[in-house]
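Participant: Quick one: this structure, given as structure tokens, is what I'll be asking you about.
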Amino acid sequence: MLVSHRCRMWYGIVLACVLAFVTGCGGGGGERAQQPASQPSPPASEQPAQPPAAEQPAPPSEEEQLVARGQFLATSVGCTACHSADGTTLVGPTWKGLYGHEVEVVLPDGTETKVIADDAYLRESILNPNAKITKGFQANLMPVYEGQLSDDDIQAIIAYIKSLQGEHSHE
Ligand code: HEC
């Protein structure tokens, strides 16, 4: 007796669960039918990002202006036909990494020596290229710019050469 009573009780519980499940499902289905879950979400209330307040670029420093003028001059005077800024050897040695670098030069009497490419060396190389010939290059190829470039021009070109840092190629 006791056993069958328990059985009925379990049966009732299971039946109740099944009913609850079915009605639950049905109810859920009905809800879904009335209120599609796939309703597009309302447009996000995000504001288009405000453009950052116009940033004033810092005015170029005096050095930057000098370098820019030097680059302009080197191109307009024609130096860049023979001197590259990227390490390529053209008619003359590249200017990349030249400044502050040791350069092997040949003096007019044939003596070979080494100099550091500082302001004085660059100035002399521009005004009087044959005073020291860069080893491996020919003399008398580079025009003499004495009297053609002002002191300011030369300073600007030197500043530009100085700005071309990097690995200096001797090739
Ligand atoms: C027709 C080609 C030519 C032009 C144009 C030319 N150069 Fe040169 N330059 C050379 C050659 C070749 C050498 C290497 C031989 C020597 O020292 O004279 C040289 C060497 C130099 C050097 C020494 C470089 C080193 O590695 O030791 C400097 C600095 C230089 N030139 C600057 C200039 C400037 C600045 C201009 C323009 C105002 C210029 N050159 C125009 C051909 C040229």
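The values are calculated or read from the model by the stated rules, or taken from the named source; none is laboratory data. From a predicted model like this one, the values you see are computed outputs, not experimental measurements. Heads up, the Cβs are rebuilt from the backbone with ideal geometry, glycines too, and the neighbour counts pull from every protein chain shown.
Participant: Within the stretch 79-99, track down each residue that is without any contact (Cβ under 8 Å) to a residue 12 or more places away in the chain and more than 24 Å from the chain's Cα centre (by Cα).
Facilitator: Ala81, Leu90
Participant: Just to be sure I understand, how many residues within the stretch 76-93 are part of a loop (DSSP other than H, G, I, E, B), under 18 Å from Ile154 (Cβ atoms) and of a type in the set (A, V, I, L, M)?
Facilitator: Qualifying residue count for the region: 1.
Participant: Then there is this: Exactly one of these conditions fails for Glu102: (1) within 16 Å of the ligand (Cβ to nearest atom); (2) modelled with pLDDT under 95. Give me its number.
Facilitator: For Glu102, the failing item is (2).
Participant: May I pose another question? Out of all the residues in the stretch 105-148, which are basic (Lys, Arg) and near the ligand (Cβ under 9 Å from one of its atoms)?
Facilitator: Arg123, Lys132, Lys135
Participant: Somewhere in the stretch 64-73, is a residue closer than 20 Å to Asp152 by Cα and in a loop (DSSP other than H, G, I, E, B)?
Facilitator: no
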